[in-house]
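Structure first, then comments.
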Amino acid sequence: MRKIYRLFAIAAVVVGTYACESLEDYLEKTPDDDMTKDEVFTNPEWARQWLWNCYSWLPSEANFADDGAWRSPFTGGCDEMEIAFGASYAHLINAGSWNATNITRVPVWAETYCSLRTINTFLANISRVPNMGKAEMDELSGEAYFLRAFMHFLSLRCYGPIPIIDYVVATDDDWGAIVRKPFDECVEAIVKDCEDAYDLLPTTRATTEYGRPIKSAAYALRARVLLYAASPLYNGNTELARLKDPDTGKSLISQTYDKEKWKRAVDAQMDALEEFAKANLKLHYSATQDPMKNYEEVFIENWNDEIIWAKNMGDYWHHMWCSDPISYGCPSIFNPTQELVDAYQMANGESPILGYEADGKTPIINSAAGYMENGYTSSANANGYWPSGVRNMYVNREPRFYASINFAGQTWKHSHTLELWYNGIDGKKYGSSDYCKTGYLMRKHNNINITSTPFVATRTTWNYFRVGEFYLNLAEAINEYYGPTEECYEAVNAIRERAGLPELPKNLTQDEMRERIRHERRIELAFENHRFFDVRRWKIAPQTEGKAVHCLNIMEGSSISDDAFYERVMCEERVFEAPTHYFFPIAQSEVDKNPDRMVQNLGW
């Protein structure tokens with residue numbers, strides 16, 4: 001029987017660190033360091049270690065730039081960001097140059113199904129472990145059901161309909177029978193695993209167990225996938241009619257719009273929010289009640305009272321290293337687009353930019369917003385949101401702007417003034433292959449309290465689910481099913497109140513409320529890997545992704561008050577071809593294993 005090496009180094013789920021071993025260490029293993037699968041499940045501790053190993057497959061989504069297992073091209077692959085690193089896979093997505101051969105650089109499919117085999121093996125064998133109490137066995141099984149649902153979801157959101165693997169595939173099984181299931185069947189499989197997990201998981205966990213899911217995580221995933229299922233991409237989308245099951249000839253995406261899917265999504269969000277309350281999970285507020293801090297702390301204070309489930313990443317610093325200025329010895333490659341900067345509202349709740357002229361870059365300014373594109377302020381904000389001397393376009397913006405975006409002249413990490421113009425110490429003149437390309441740096445997720453160097457970081461997490469998302473999920477589902485009801489307003493306004501913004505205007509139409517909710521998601525969930533999938537499930541990606549993104553003129557500027565630097569210029573022309581680019585291509589090597597029955601996504 002094939003031997004299996006136990007990755008006991010993965011056992012420390014809470015700290016999320018990994019270990020390597022030398023060849024000498026390998027050769028000097030004790031007899032129990034190599035064992036068969038059957039032997040693993042004869043010992044409770046070994047069985048636990050098998051499950052802990054399943055956690056090692058969780059994606060490190062904070063890395064927006066690099067290729068490899070579980071990297072995240074989604075933020076750079078949409079209109080939120082330009083990755084100033086030429087080898088990033090996001091550039092292939094934006095140029096329309098990704099394909100069924102080079103998609104292996106982002107191996108979501110491969111990672112999903114490798115992880116599912118490990119999880120299914122655990123579920124198939126946990127019941128025979130001796131000397132393990134039923135309560136523990138149930139709880140561990142609940143974790144495995146949740147992980148199986150989550151892994152299926154990660155693949156589903158990228159590829160659409162997928163094979164559902166909820167059993168251990170034997171070497172002598174008919175692998176040709178592994179085919180893509182209709183999207184709705186995939187959703188039901190994920191929902192069932194979430195519900196099975198919910199029945200077995202605890203409501204809360206001790207701080208030493210953070211990283212293991214609770215009931216709230218199961219309901220959060222269930223709520224998110226049902227929101228996706230109700231969305232236009234998957235619900236009555238005739239544009240994808242040609243994506244068919246090879247045996248039945250039926251479309252894998254529902255061709256008939258079902259409004260009741262939105263009702264089911266409403267109920268799922270409400271179930272989730274009720275469960276969050278039982279676990280004392282809620283929108284996070286800073287002890288200072290400062291709206292900017294309310295938001296900022298969600299992403300830099302590990303396991304705060306808004307976090308439902310997250311990945312513990314140990315002393316991880318890469319995302320901060322990519323966000324810090326080059327004068328710190330950092331690459332400065334996580335660069336928000338001008339379009340995202342323009343989307344942040346003013347402190348009075350008005351949008352500063354209503355759209356763009358025919359050239360795509362000249363802003364149409366909202367006269368009611370109090371926004372000024374030109375000139376420089378002579379006064380600093382009392383709360384420290386901006387210093388004196390910065391461009392007026394960065395003054396009096398909503399608090400989330402200052403927690404998310406770093407701009408020229410901003411004070412960073414308590415003492416450094418960012419000089420992102422050409423001749424500035426953080427500008428292109430002093431860069432090599434890496435430098436800030438848009439005139440902006442991502443601030444969100446970057447711990448301002450680490451003042452020495454990003455290489456010396458405290459333990460960090462990546463948040464998969466937080467409470468704020470589900471207020472917006474609820475608002476969206478309510479608006480689509482019932483219209484802009486009082487409950488819909490309450491959900492959106494809860495997010496805006498926490499952010500220090502006024503309530504939405506009364507008497508919005510359903511279409512107007514839809515746009516408000518979509519705007520709120522764009523801002524509240526920025527850089528959290530939602531936007532890439534949101535614009536696709538709403539089927540607005542041809543408009544948001546199939547055009548140029550813009551930036552400041554980083555080739556100019558000798559000082560903070562040099563007007564030439566603030567000229568808007570094109571950063572990158574981008575491509576989106578519908579329906580091809582709604583989904584990832586399945587790697588051609590995977591299709592070739594089962595060419596008659598593994599259906600490729602349209603256009604690839």
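Bear in mind that the values in this text are calculations on the coordinates, not laboratory data. For clarity, every value in this text was computed on a predicted model and none was experimentally measured. A quick note on method: Cβ atoms are made from the backbone with ideal geometry, for glycine too, and the neighbour counts reach across all protein chains shown.
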>> Counting only helical runs of four or more DSSP H residues, what would the 222 nm mean residue ellipticity of the chain come to if each run contributes -39,500 (n - 2.57) and the total is spread over all its residues?
In response: -10500 deg cm²/dmol
>> I need the semi-axes of the equivalent ellipsoid of the range 302-346: take the C-alpha gyration tensor, multiply each eigenvalue by 5, square-root it, list largest first in whole angstrom.
In response: 24, 21, 8
> Picking from 566, 599, 477, whose Cα lies most toward the positive end of the charge dipole for the range 447-604 (charges on Cβ: Lys, Arg +1; Asp, Glu -1)?
Replying inline: 599
> So what is the relative contact order of the chain, in percent, for Cα pairs below 8 Å that sit 6 or more residues apart?
Replying inline: 17 percent
>> Please compute the length gained on full extension between residue 580 and residue 277, using 0.36 nm multiplied by the number of residues separating them and subtracting their Cα-Cα distance.
In response: 105.0 nm
> What FRET efficiency do you get for residue 104 and residue 372 if R0 is 56 Å and r is their Cβ-Cβ distance, rounded to the nearest 0.05?
Replying inline: 0.70
>> Along the Cα→Cβ direction, 7 angstrom out, place labels at residue 380 and residue 95. What is the inter-label distance in nm?
In response: 4.4 nm
> Put +1 on the Cβ of every Lys and Arg and -1 on every Asp and Glu Cβ in the chain; which of 251, 40, 416 then has its Cα farthest towards the positive end of the dipole?
Replying inline: 251
>> Please compute the length gained on full extension between residue 593 and residue 485, using 0.36 nm multiplied by the number of residues separating them and subtracting their Cα-Cα distance.
In response: 33.8 nm
> Hey, got the dipole for the chain? About the Cα centre, +1 on K and R Cβ, -1 on D and E Cβ, debye to the nearest 20?
Replying inline: 280 debye
>> Per residue, how big is the convex hull of the range 182-221 when only Cα atoms are used? Give it in Å³.
In response: 57 Å³
> What Kirkwood hydrodynamic radius do you get for the range 363-473 when you take the inverse of the mean 1/r over all pairs of distinct Cα atoms, in Å?
Replying inline: 16.3 Å
> With all pairs of different alpha carbon atoms counted, what Kirkwood hydrodynamic radius in Å does the range 456-590 show?
Replying inline: 18.1 Å
>> So for each of 309-319, 284-294 I average, over its residues, the number of other beta carbons within 10 Å; can you give me the resulting order with the highest mean first?
In response: 309-319, 284-294
> If one computes the Cα centroid of the range 385-419 and of the range 72-138, what distance in Å separates the two points?
Replying inline: 36 Å
> Taking amide hydrogens as modeled 1.01 Å from N in the peptide plane, which residues meet the under 5 Å criterion relative to residue 376, leaving out close sequence neighbours?
Replying inline: 392
> What spacing in nm lies between the two simple spin-label points modelled at residue 173 and residue 563, each 7 Å away from Cα in the Cβ direction?
Replying inline: 6.8 nm
> Among the trypsin sites (Lys or Arg not before Pro) within the range 187-274, which fall in a DSSP loop and have no more than 12 other Cβ atoms within 10 Å of their own Cβ?
Replying inline: 250, 259
> Where does each of 78-90, 576-588, 139-151, 494-506 land if you order them by average Cβ count within 10 Å, highest first?
Replying inline: 139-151, 78-90, 576-588, 494-506
>> Need the full-extension length gain, residue 433 to residue 414, defined as separation in residues times 0.36 nm minus the C-alpha distance. One decimal, nm.
In response: 4.1 nm
> Which value, in Å to one decimal place, does the Kirkwood hydrodynamic radius take for the range 255-402 when every pair of different Cα atoms is included?
Replying inline: 19.2 Å
> Kirkwood Rh over Cα pairs of the chain into Stokes-Einstein at 4 °C, 1.567 mPa s: D in µm²/s?
Replying inline: 51 µm²/s
>> Defining a contact as two alpha carbons under 8 Å apart and six or more residues distant in sequence, what relative contact order in percent does the range 41-172 show?
In response: 27 percent
>> How big is the dipole moment of the range 457-535 about its Cα centre under a simple scheme where the beta carbon of each Lys and Arg is +1, that of each Asp and Glu is -1, and everything else is neutral? Debye, nearest 20, please.
In response: 400 debye
> Structure shown: which of 293/413; 215/311; 37/215 lie over 19 Å apart, alpha-carbon to alpha-carbon?
Replying inline: 37/215
> Could the peptides 479-491, 549-561, 360-372 be put in order, highest first, of the mean number of other beta-carbon atoms found within 10 Å of their residues?
Replying inline: 549-561, 479-491, 360-372
>> Can you compute the modelled spin-label distance between residue 43 and residue 503, with each label point 7 Å from Cα toward Cβ, in nm?
In response: 6.2 nm
> Nearest 20 debye, what's the magnitude of the dipole of the range 528-604 about its Cα centre given +1 on Lys and Arg Cβ and -1 on Asp and Glu Cβ?
Replying inline: 500 debye
>> Run the Debye formula on the Cα coordinates of the range 42-122, all scatterers equal and no solvent, and tell me log10 I(q)/I(0) at q = 0.16, 0.20, 0.21 1/Å.
In response: -0.66, -0.86, -0.91
